[in-house]
Amino acid sequence: MSKSILGIIGGSGVYDLPLEKAEWKTVESPWGLPSDQLRCGEIDGLSVVFLPRHGRGHVHSPTSINYRANIDAMKRMGVTDIVSLSAVGSLKEELPPGMFVLVDQFIDRTFAREKSFFGTGCVGHVPFSHPISPVLQDTVAAALAAEGLNFTRGGTYVVMEGPQFSTLAESWLYRSWSASVIGMTNMPEAKLAREAEICYCTVAMVTDYDSWHEDHGTVDVAKVVEVLKANSGHAKKLVLRLAKDFPREHPSCPIGSDRALEHALMTAKDYRDPILMKKLEAIAARVL
């Protein structure tokens, strides 16, 4: 087993974390600029790397986020596990604003983003039927329970392109699919984490009822911001507890999240593009 390094990606409302021995570090990536510098430090002796997904000040829209650079930067810092804190809308009555949802599936409806580190010159296909790493989710669930935070486990997250919120028709369509929540950022983030062999878990923090709820109407940004502030405080409590109880040695993932590239590369070695291979030096070093 390797040393655990916990990565936290903070969504809307979560732009910093109270870390010990902390400093903002610039991490260069061949995939471009990450959303921001990475804040590196410790919590109770555990190495923690934090990245504000939208940047400090919330400067990046869901579409303009450089997801590949973000995950590559996390990999270069040695991160073994990523917990994604993400603001979402609820598609179910029983998931009210303020609830945390540990989703286990995604429906990817994005269309304007780079979704893979691989492509022409080095083709790679990773297994993704189970996008959430179960041992990591177990640990997050235990931390939520220990802090007495209101959460539920299981559900499907619809990832839309945005930045506009759903139409009423779209909201009802997603409800007809029995999806639980809707947001704009966990794809391709989760796919790229799998390609980078980093265990991944989403903590979806409900801020509103999307567009479908008769008593709540359309998404009210002012009300969303109010819930974001409360969720941000709860998210920081969660991270502090999670880090305190986190295994210091990274356990093997039962679904192979940390070994996803084992048989994924399809392009024969003699035919691989050297320029792309150079860009993949952090992501795929274990198998190259």
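Return yes when L38 is more than 18 Å from G183 (Cα to Cα), crowded, with 20+ Cβ neighbours inside 10 Å, out of contact with any Asp or Glu (no Cβ under 9 Å at 6 or more places or on another chain) and of a type outside the set (K, R) and no when it is not.
yes
Got a number for residues in the stretch 106-137 being surrounded by 14 or more Cβ atoms within 10 Å (Cβ to Cβ) and either without any contact (Cβ under 8 Å) to a residue 40 or more places away in the chain or not in a loop (DSSP other than H, G, I, E, B) (or both)?
Residues in the stretch 106-137 being surrounded by 14 or more Cβ atoms within 10 Å (Cβ to Cβ) and either without any contact (Cβ under 8 Å) to a residue 40 or more places away in the chain or not in a loop (DSSP other than H, G, I, E, B) (or both): 9 in total.
Please state which one of W212, W177 is under 19 Å from I107 (Cβ atoms), at pLDDT below 95 and not polar (S, T, N, Q).
W212
Just give me the residues in the stretch 274-288 being outside any loop (DSSP other than H, G, I, E, B) and touching a residue at least 60 places away in the same chain (Cβ under 8 Å), in sequence order.
Hits for the stretch 274-288 are I275, L276, M277, K278, K279.
Just one of the numbered conditions (1) over 21 Å from H60 (Cβ atoms); (2) charged (D, E, K, R); (3) in a helix (DSSP H, G or I); (4) in contact (Cβ under 8 Å) with a residue 60 or more places away in the chain is not true of E170; which one?
Exception for E170: condition (4).
Can you work out which of the residues in the stretch 169-194 that are touching a helix residue (DSSP H, G or I) at 6+ places or on another chain (Cβ under 8 Å) and charged (D, E, K, R) is nearest to V103 (Cα to Cα)?
Checked the stretch 169-194; the qualifying residue nearest to V103 (Cα to Cα) is E189.
Collect the residues in the stretch 230-273 that are of a type in the set (S, T, Y) and either in a helix (DSSP H, G or I) or at positive phi (or both), keeping them in residue-number order.
Matches in the stretch 230-273: S232, S257, Y271.
Can you tell me which residue is nearest to L95 (Cα to Cα) among those in the stretch 157-167 that are part of a strand (DSSP E or B) and of a type outside the set (F, W, Y)?
V158
Among the residues of the stretch 229-251 satisfying the criterion of being modelled with pLDDT of 95 or more and more than 19 Å from the chain's Cα centre (by Cα), which is surrounded by the most Cβ atoms within 10 Å (Cβ to Cβ)?
P247
Working carefully through the options S171, S211, find the one that is over 23 Å from I71 (Cβ atoms), touching an Asp or Glu at 6+ places or on another chain (Cβ under 6 Å) and surrounded by 14 or more Cβ atoms within 10 Å (Cβ to Cβ).
None of the others qualify; the one that does is S171.
So, of the residues in the stretch 190-204 that are buried (at least 24 other Cβ atoms within 10 Å of the Cβ) and not in a strand (DSSP E or B), which turns out to be nearest to the chain's Cα centre (by Cα)?
A190
Working only within the stretch 47-77, note down all residues that are hydroxyl-bearing (S, T, Y), over 13 Å from G7 (Cα atoms) and in contact with a Lys or Arg (Cβ under 8 Å, 6 or more places away or on another chain).
T63, Y67
Given the criteria small (G, A, S) and farther than 30 Å from R175 by Cβ, does A69 qualify?
The answer is yes for A69.
Go through the stretch 66-89 and give me each residue that's in contact with a Phe, Trp or Tyr (Cβ under 6 Å, 6 or more places away or on another chain) and crowded, with 24+ Cβ neighbours inside 10 Å.
R68, D72, I82
Can you give me the number of residues within the stretch 143-168 that are out of contact with any His (no Cβ under 9 Å at 6 or more places or on another chain) and surrounded by fewer than 14 Cβ atoms within 10 Å (Cβ to Cβ)?
7
Does D44 qualify as being in contact with a Lys or Arg (Cβ under 6 Å, 6 or more places away or on another chain) and surrounded by fewer than 23 Cβ atoms within 10 Å (Cβ to Cβ)?
Answer is yes for this residue.
The values are calculated or read from the model by the stated rules, or taken from the named source; none is laboratory data. Owing to the predicted nature of the structure, the values given are computational and were not obtained by experimental measurement. Every residue, glycine among them, receives a Cβ derived from its backbone with ideal geometry; neighbour counts consider all protein chains shown.
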